[in-house]
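Take a look at the structure set out below.
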Amino acid sequence: MSKLHQFSFLFLLLFFLGCGASRQEEAGEKLSEALALRDAGNFNLARIKLDSLLLLYGDLAEESAKARDLLAEININEQERNLAFLDSALQAQEALLQPMLKNFIESDEYGSETILIHRRQRPENSYNRSFLRAHLNTSGDFFISSRYHGTEWIKHNQIRVYYRNQSVSSLEVKEDGFNNRRFEDGEFKWEIVNYKEGKDNGVVDFIAANYDQPLRVQFRGEKFEYIIMERFDREAIRDAYEISFLLKEIARIKKEQARARNAIRQFKQ
């Protein structure tokens with residue numbers, strides 16, 4: 001190749017290289033694209049674009065600083081959007097909860113923790129009858145118990161709830177002085193069995209699904225006792241069961257809100 005041709009080739013090469021965008025311009029374009037994605041609410045795509053910019057153009061101090069600032073803004077925007085969604089979800093859950101609490105009262109008179117108890121199932125209203133009681137605390141923990149009252153022991157450790165040809169039986173709960181206990185006062189006997197941690201074995205679901213039917217209960221032990229559930233007892237179990245899910249969902253939402261607010265504080269530092 002002649003020197004003339006070599007010179008012409010070098011000139012053309014330098015010309016075309018000079019016509020290409022500078023690295024600063026390329027980084028600026030990526031910043032503009034990320035900003036447009038942020039404004040459109042595409043936070044994940046914007047974040048990917050900025051991560052790419054920092055990887056490829058991390059040596060450009062000004063562009064890198066702008067990318068990091070924009071990343072912080074995007075993270076804040078995302079958390080603020082999450083907060084708005086969580087605020088709306090919380091209002092919806094609380095709106096569902098309020099009418100369901102109309103028959104429940106908060107009380108700390110029956111133990112160390114505050115509980116929600118159905119008005120018709122308070123001990124002072126129910127100490128002298130056999131029934132199934134709903135147990136619910138303000139955290140949404142829920143279980144049922146069978147409460148027998150009579151003049152002789154039946155020593156029950158299980159219940160069967162039935163209607164026509166359908167029935168569900170709990171698991172047996174051994175006597176332990178806590179989840180299965182007995183006491184007496186003169187001629188009267190009381191037996192209380194708590195069905196916690198799945199010991200109800202589907203009894204709660206059966207009652208909740210059939211609360212409008214005249215459900216019968218068999219207290220099973222050394223002897224047997226039979227009752228027809230009062231409607232308010234069926235409704236107490238159904239409502240407390242549903243309230244437990246709402247309370248736990250509300251607690252979950254509030255925890256997510258706290259995380260989002262904490263994240264915003266950190267991104268603003």
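The values are calculated or read from the model by the stated rules, or taken from the named source; none is laboratory data. All figures in this text were calculated on a predicted structure; none of them were measured in a lab. Here the Cβ positions follow ideal geometry from the backbone for every residue, glycine too, while neighbour counts run over all protein chains shown. Surface accessibility is based on the protein's heavy atoms, side chains included, excluding ligands, DNA and RNA. Shrake-Rupley method; radii C 1.70, N 1.55, O 1.52, S 1.80 Å.
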- prompt: Pairs under 6 Å by beta carbon, first residue farther than 15 Å from Leu86 by Cβ and touching a residue at least 24 places away in the same chain (Cβ under 8 Å) in segment 242-263, partner open to solvent by less than 60 Å² (accessible area, probe 1.4 Å) and assigned to a helix (DSSP H, G or I), six or more apart or different chains?
  reply: Ile243/Met100; Leu246/Gln93; Leu246/Leu97
- request: Just need a number here: residues in segment 107-137 that are among the hydroxyl-bearing types (Ser, Thr, Tyr) and touching a helix residue (DSSP H, G or I) at 6+ places or on another chain (Cβ under 7 Å).
  value: 1
- line: Screening Ser126, Ser130, Ser107 for residues that are free of Cβ contacts under 8 Å to residues at least 40 places away in the same chain, closer than 30 Å to Ile154 by Cα and surrounded by 12 or more Cβ atoms within 10 Å (Cβ to Cβ) leaves only Ser126
query: Limited to segment 53-71, what total is found for residues that are of a type in the set (Gly, Ala, Ser) and open to solvent by 30 Å² or more (accessible area, probe 1.4 Å)?
result: 3
task: Could you please let me know if Gln91 is open to solvent by less than 40 Å² (accessible area, probe 1.4 Å), of a type in the set (S, T, N, Q) and either under 25 Å from the mean Cα position of the chain (by Cα) or over 17 Å from Ala240 (Cα atoms) (or both)?
output: no
field: Unmet criterion (only one of (1) crowded, with 20+ Cβ neighbours inside 10 Å; (2) of a type outside the set (Phe, Trp, Tyr); (3) assigned to a loop (DSSP other than H, G, I, E, B)) for Arg234
entry: (3)
task: Report, by residue number, each residue of segment 193-217 that is within 19 Å of Glu175 (Cβ to Cβ) and buried (at least 17 other Cβ atoms within 10 Å of the Cβ).
output: Val193, Asn194, Tyr195, Lys199, Asp200
query: Residues of segment 154-173 being of a type in the set (Lys, Arg) and at pLDDT 95 or above, which ones?
result: Lys155, Arg160
